[in-house]
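A short worksheet on the structure shown next.
The values are calculated or read from the model by the stated rules, or taken from the named source; none is laboratory data. These numbers were taken from a predicted model, which means no experiment stands behind them. Backbone-built Cβ (ideal geometry, glycine too); neighbour counts: all protein chains shown. SASA here: full protein model, heavy atoms, side chains in, ligands and nucleic acids out. Shrake-Rupley method; radii C 1.70, N 1.55, O 1.52, S 1.80 Å.
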Amino acid sequence: MRWRLAAFAVAAFVCLPVAALILTAFEGSAGLWPHMIRHVLPAALRDTIVLLAGVGVLTTLIGTTTAWIVTAYEFPGRRFLEWGLLLPLAVPTYIIAFAYLDILHPVGSVQGALRYLLGYTSPRAFRLPDIRSMWGCILLLGLVLYPYVYLTTRSMFLTQAASLVEVSRTLGSSRGDVFRRVALPLARPAIAVGVSLALMETLNDIGASEFLGVRTLTVSVYTTWVSRSDMPGAAQISLAMLVMVVGLVLIERHARRNQRYTAAAQRPRAMSPAPLAGLRAAGAFTICFLPVALGFIAPAIYLCVEAYKRYRFAGLSQRLLGEVVNTVSVAFTATVLVLLCGLVVAYAARTYPGRLTAVAVRVSTLGYAIPGTVLALGLLMPIGAFDRMLSGGAETFLGLSVGLVLLGSGAAIVLAYCARFMAIATGGIEAGFSRISPSLDHAARTLGRTSSGVFRHVHLPLSRPALVSAGLLVFVDCMKELPVTLLLRPLNFETLATHLYGEAARGTYEEASIAALLIVVIGILPVVVLSRVGRAAPSRPSSDAAGAPSRSAGGLLRSERR
């Protein structure tokens, strides 16, 4: 019973920001809603919808096309591309915007080389379209978010039986017809999940959109709160974002409605890739390599060059070392707390199955679907109230002035990370528990172990690989998280992400190159985990496309392991 109550407590904590947000939104004056509807929401909503539509189309095209090519065809370089196409996941959206703003600057090396080749001498005579635009934001976000679609769609392609392809070919269909008429319809549930994940990441983005001049709802929340000190107004915009998130989830559910496909009782043969040679092989490699080059290799080379220049000029500053310590300490603390809560929720679902426990598990994973700015704003009110109550109690009864304990120490950031990334831990740990036979539970209980004893002596040791994988993903996501950290950090508290944001906002790109490079290097770690899981996926056919979009990388891992 204690496990179930603890799982309910975790679910209630995840729901707390939404409840606080609703209360905050209605604290504003009665005339604020008409002002927001007339002057703020239309432009922000229009830009957000256009951005989501563009990113959705681009990630679908890149992710689905590359997934089919590396699955259905054999050509030189295919083995590299199988995992190389995941590399853009290591580059946060705000870093790719940061890099390309300098790479494609009108007086930068790329445009300078183009002018030299074309015979122009001045940026006024020839310059590329400004990357600070809606199309630039769609392109850059699509280049780093398409792996969500690639990963889920390729998993579905790998589990499709070879007999389906062979029957289609026998009926006279080409490989292209097989893709359009057989593989693509069967992969629609996986595509819907991948696109939903990409769109939720787009809605959560604040750095790239602000750098590139796109005023999304997320940017509007930040400017309304920070620049205008209007918390009720920011809360009202946040409610509009929550409505949009619910809409995305409902669209994803509708796309997967009645779209479940089961495999045969016997393990089907995997589809054999058709060999390509000559120009066709070169074309297939080029199509798949281009997103990797633009989404990872070019920004990585730029960051390496700029970081080397900065190191040669000034070395490693003590400020940067302090930011590394802040980043690692906050991320590590949050990872431990998230794993503990994920263990509680996953084990309660296994030990006490039922409708209420299932609801608690579902609710506890909703934090990832909430954009970081909305989550931070929702947590600020209850955390601030707790700090004031604690400070008043300490001063009244102890005569001590403790100040803002949670907001002033960085603990608020840890709590926000816990609510946001709970889905990763819960999904990964549930996947590990699903591989433990229930007979082990029964045997341990027969030998006199309590439910807590079974957890300590059976589940915890056997689920260690799942814990390590989930912990790695949570740690890296915490290190890369910008909106929550930016809004809840104490005064004079900088992490690598907030340092990069500040330098990019000032236009001093070289100052932030080392911080950006460190984030990208650390971000490669979960890519390694996901690539290993992806290679193991064909050995176990899946009956469903993927989990709920709110499960993030943890949901992807779980769906890959089914």
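Each residue in the stretch 481-497 was checked for being in contact with a Phe, Trp or Tyr (Cβ under 9 Å, 6 or more places away or on another chain) and within 19 Å of Leu321 (Cβ to Cβ), and 2 of them qualify.
Considering only residues in the stretch 267-324 that are within 13 Å of Ile514 (Cβ to Cβ) and part of a loop (DSSP other than H, G, I, E, B), the one that is least open to solvent (accessible area, probe 1.4 Å) turns out to be Gly315. The residue list Ala416, Ala431 contains one member that is assigned to a helix (DSSP H, G or I), in contact (Cβ under 8 Å) with a residue 40 or more places away in the chain and more than 22 Å from Phe8 (Cβ to Cβ), which is Ala431.
Of the residues Leu356, Leu339, Leu379, Leu375, the single one that is in a helix (DSSP H, G or I) and more than 21 Å from the chain's Cα centre (by Cα) is Leu356. Just one of the listed residues (Leu51, Leu58, Leu114) is closer than 21 Å to Ala504 by Cβ and in a helix (DSSP H, G or I), and it is Leu51.
Residues of the stretch 217-252 that are within 18 Å of the chain's Cα centre (by Cα) and either over 26 Å from Gly384 (Cβ atoms) or outside any helix (DSSP H, G or I) (or both): Met244, Val246, Leu248, Val249, Glu252.
If only residues of the stretch 382-424 that are more than 26 Å from Gly471 (Cβ to Cβ) and of a type in the set (Ser, Thr, Tyr) are counted, the one that is farthest from the chain's Cα centre (by Cα) is Thr396.
The residue that is modelled with the lowest pLDDT, counting only those in the stretch 1-46 that are charged (D, E, K, R) and more than 26 Å from Leu356 (Cα to Cα), is Glu27.
With the structure loaded, tell me whether Phe211 is at pLDDT 75 or above and open to solvent by 30 Å² or more (accessible area, probe 1.4 Å) or whether it fails that test. Against the criterion (at pLDDT 75 or above and open to solvent by 30 Å² or more (accessible area, probe 1.4 Å)), Phe211 does not qualify.
When each of Val405, Val458, Val468, Val474 is tested for being buried (at least 19 other Cβ atoms within 10 Å of the Cβ) and of a type outside the set (Ser, Thr, Tyr), the lone residue that passes is Val474. The single condition from (1) among the β-branched types (Val, Ile, Thr); (2) open to solvent by 10 Å² or more (accessible area, probe 1.4 Å); (3) modelled with pLDDT of 85 or more that Thr498 fails is (2). Scanning the stretch 445-455 for residues that are of a type outside the set (Val, Ile, Thr) and either open to solvent by 90 Å² or more (accessible area, probe 1.4 Å) or under 21 Å from the mean Cα position of the chain (by Cα) (or both) returns Arg445, Leu447, Arg449.
Would you confirm, using the coordinates I've provided, whether Gly342 is open to solvent by less than 50 Å² (accessible area, probe 1.4 Å), under 30 Å from Met244 (Cα atoms), of a type in the set (Gly, Ala, Ser) and in contact with a Pro (Cβ under 9 Å, 6 or more places away or on another chain)? Judged against the criteria, Gly342 is not a match. Out of contact with any helix residue (DSSP H, G or I) (no Cβ under 6 Å at 6 or more places or on another chain) and small (Gly, Ala, Ser): does that describe Gly427? So Gly427 fails the test. Of all the numbered requirements in (1) open to solvent by 10 Å² or more (accessible area, probe 1.4 Å); (2) under 18 Å from Ala300 (Cβ atoms); (3) of a type in the set (A, V, I, L, M, F, W, C), Ala99 misses one, and that requirement is (1). Any residue at all in the stretch 382-400 that is in a helix (DSSP H, G or I), open to solvent by less than 10 Å² (accessible area, probe 1.4 Å), farther than 17 Å from Thr24 by Cβ and of a type in the set (Gly, Ala, Ser)? No.
Restricting attention to the stretch 118-162 and to residues that are surrounded by 15 or more Cβ atoms within 10 Å (Cβ to Cβ) and among the hydroxyl-bearing types (Ser, Thr, Tyr), the residue that is farthest from the chain's Cα centre (by Cα) turns out to be Tyr120.
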